[in-house]
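Here the structure is laid out as structure tokens; the discussion comes afterwards.
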Amino acid sequence: TLSDRLADTFKNLRSKGKLSAADVDGTVREIRRALLDADVALDVVKAFTTRVRERALGDEVNRALNPAQQVVQIVNDELIQILGGQQRRLEFAKNPPTVIMLAGLQGAGKTTLAGKLAKWLAEQQHTPMLVAADLQRPNAVTQLQIVGEQAGVPVFAPEPGNGVGDPVKVAKNAIKHAIDKQHDVVIVDTAGRLGVDAEMMKQARDIRKAIDPDEVLFVIDAMIGQDAVATAKAFQEGVDFTGVVLSKLDGDARGGAALSVASVTGRPIIFASTGEGLSDFEPFHPDRMASRILDLGDILTLIEQAQKQFDEEEARKVAEKLASDTFTLEDFLAQMQQVKKMGSLKGMLSMLPGAKGMREQLENFDEREITRTEAIIQSMTIAERRNPKLLNGSRRLRIAKGSGMTVTDVNQLVARFEQAAKMMKTVARGGVPQVPGMGPI
Ligand code: GDP
Ligand code: MG
């Protein structure tokens, strides 16, 4: 799925401290492929990836504590934008009744939506009425009547005298009836066809003209994939609509339709339909949909994992030791082991604000060096680890032999320890810096 693909993409970014242009390009390329495979329209994909690339290469990422997380954030932001940005609520008329007309292909989920909307509105103390203006399909009126009964909402159906066979007349009479009976919302179900069809469009357009609805909701099956864009455009030209309802989001929707339709038509997605039951329905939130597409919870967890492993308590202790000048080789080893657990020294350094100098110095740090460092420190006595000043020539020779390294290796390690301790102390001196999600260092 799109979520899985994006998660994999970000997983690859996770261990990176600083992102190169090549990292960003690679990531953007993968996002692009994932979106195209999810049936997002090409134009939308292009615009999207251009924006993400621009921002990911910009300062906001380079200065970030955790660039990978920052990139996820950017992708999330841009997804929200594409999905319409802010949530758009249903608009009610100043003078009731509010008239809502539904349009869309046959099987899109209009009639089901009519019931869902009616139930939802009734729960909010509205007094909706349903109108059966789909006179195309033999069972359409009965279907709406059943749905209306389930929702506990009256249905205005064609009868002799109010427009049998003429959906425009039925719709007009229905509005009069609603005013008469003081229904504050009128939901007009209309006919669809299996494909985009001139006659169907004209009928929908005629109904629209006749009843001048406050909202025209275009209902689209989220599973129709690549056809979503063409269908949405055809309805926009043929009838025009004020908002979109994505139906069947509960299915194996790849999210592509959702991403394309709002962007291509410039019309907001107002509701999401997520099942056959009348309660399987909710106002659409661009940010929630973006999270869903990104599986943001999972991705953020993934990235945070790396940080969490650098135990908070440990970090605090180190900070105290640095500040009080009691940071020892033992601590150095413990820290190395923490870093190893985390998988990346660079990763840790990227979390240390102010450790830029050290980060650069260690940019080319070979991870195997951690293993060698471990071997050397483990060959030291506890006393030596706690007080490196004890390390005279003969002790160094003993340690070298014990760890299978040379005296030069031992000397280098001690020198590096001293340098690191000094640098980290400088970092720690500026108060103990707070790292989000990690506690003080
Ligand atoms: P219409 O032709 O546009 O009026 O579509 P219908 O409302 O009759 O729905 C067509 C089919 O899709 C029916 O079998 C519905 O039960 C089903 N359906 C509608 N909305 C959803 C949804 O959100 N999820 C699922 N899984 N099925 C839906
Ligand atoms: Mg129907």
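Before moving on, here are some points about what is shown:
Okay, residues lined up against (1) at pLDDT 95 or above; (2) among the basic types (Lys, Arg):
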residue: LYS209; (1), (2): yes, yes
residue: ASP212; (1), (2): yes, no
residue: VAL216; (1), (2): yes, no
residue: MET223; (1), (2): no, no
residue: GLU237; (1), (2): yes, no
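- In region 227-284, counting only strands (runs of 3 or more DSSP E) that sit wholly within it, the ones holding 2 or more residues that are among the aliphatic types (A, V, I, L, M) span 243-247, 269-273.
- Residue list for region 13-26, restricted to those being within 11 Å of VAL71 (Cβ to Cβ) and at pLDDT below 80: LEU13, ARG14, LYS16, LEU19
- Residue in region 155-166 that is within 37 Å of the chain's Cα centre (by Cα) and closer than 19 Å to THR98 by Cβ present: no
- LEU117 within 22 Å of SER273 (Cβ to Cβ), within 12 Å of ligand 2 (Cβ to nearest atom) and among the hydrophobic types (A, V, I, L, M, F, W, C): no
- Scanning region 77-114 for residues that are in a helix (DSSP H, G or I) and more than 10 Å from ligand 2 (Cβ to nearest atom) yields ASP77, GLU78, LEU79, ILE80, GLN81, ILE82.
- Selected residue (criterion: farthest from ligand 2 (Cβ to nearest atom)) from residues of region 168-199 that are closer than 21 Å to ALA108 by Cα and surrounded by 24 or more Cβ atoms within 10 Å (Cβ to Cβ): VAL186
- Matching residues in region 76-115 - criterion: being within 29 Å of GLN182 (Cβ to Cβ) and more than 16 Å from ligand 1 (Cβ to nearest atom): ARG88, ARG89, LEU90, GLU91, PHE92, ALA93, LYS94, ASN95, PRO96, PRO97, THR98, VAL99
- Criterion violated by ASN66 - all others in (1) at pLDDT below 85; (2) assigned by TED's automatic domain parsing to the domain that holds ALA151 satisfied: (2)
- Qualifying residue in region 208-222 (condition: within 16 Å of ligand 2 (Cβ to nearest atom), β-branched (Val, Ile, Thr) and under 27 Å from the mean Cα position of the chain (by Cα)): yes
- Matching residues, region 142-156, being under 25 Å from GLN125 (Cβ atoms) and either hydroxyl-bearing (Ser, Thr, Tyr) or away from ligand 2 (no atom under 13 Å from the Cβ) (or both): GLU149, GLN150, ALA151, GLY152, VAL153, PRO154, PHE156
- Residue count for region 138-168, restricted to those that are closer than 22 Å to GLU199 by Cα, more than 15 Å from ligand 1 (Cβ to nearest atom) and either out of contact with any helix residue (DSSP H, G or I) (no Cβ under 6 Å at 6 or more places or on another chain) or of a type in the set (Ser, Thr, Tyr) (or both): 3
- Qualifying residue in region 282-303 (condition: within 16 Å of ligand 2 (Cβ to nearest atom) and modelled with pLDDT of 75 or more): no
- Scanning region 218-246 for residues that are among the charged types (D, E, K, R) and buried (at least 21 other Cβ atoms within 10 Å of the Cβ) yields one hit, ASP221.
- The conditions of being among the charged types (D, E, K, R) and closer than 30 Å to MET200 by Cα are met by ASP134.
- Scan of region 69-88 for residues that are closer than 20 Å to LEU2 by Cβ and among the charged types (D, E, K, R), ordered by number: ASP77, GLU78
- One residue from ALA132, ALA118 being within 16 Å of ligand 1 (Cβ to nearest atom) and either outside any helix (DSSP H, G or I) or not assigned by TED's automatic domain parsing to the domain that holds THR242 (or both): ALA132
The values are calculated or read from the model by the stated rules, or taken from the named source; none is laboratory data. Source: prediction; values computed, not measured. Ideal geometry is used to build each Cβ from the backbone, glycine not excepted, and the neighbour counts take in all protein chains shown.
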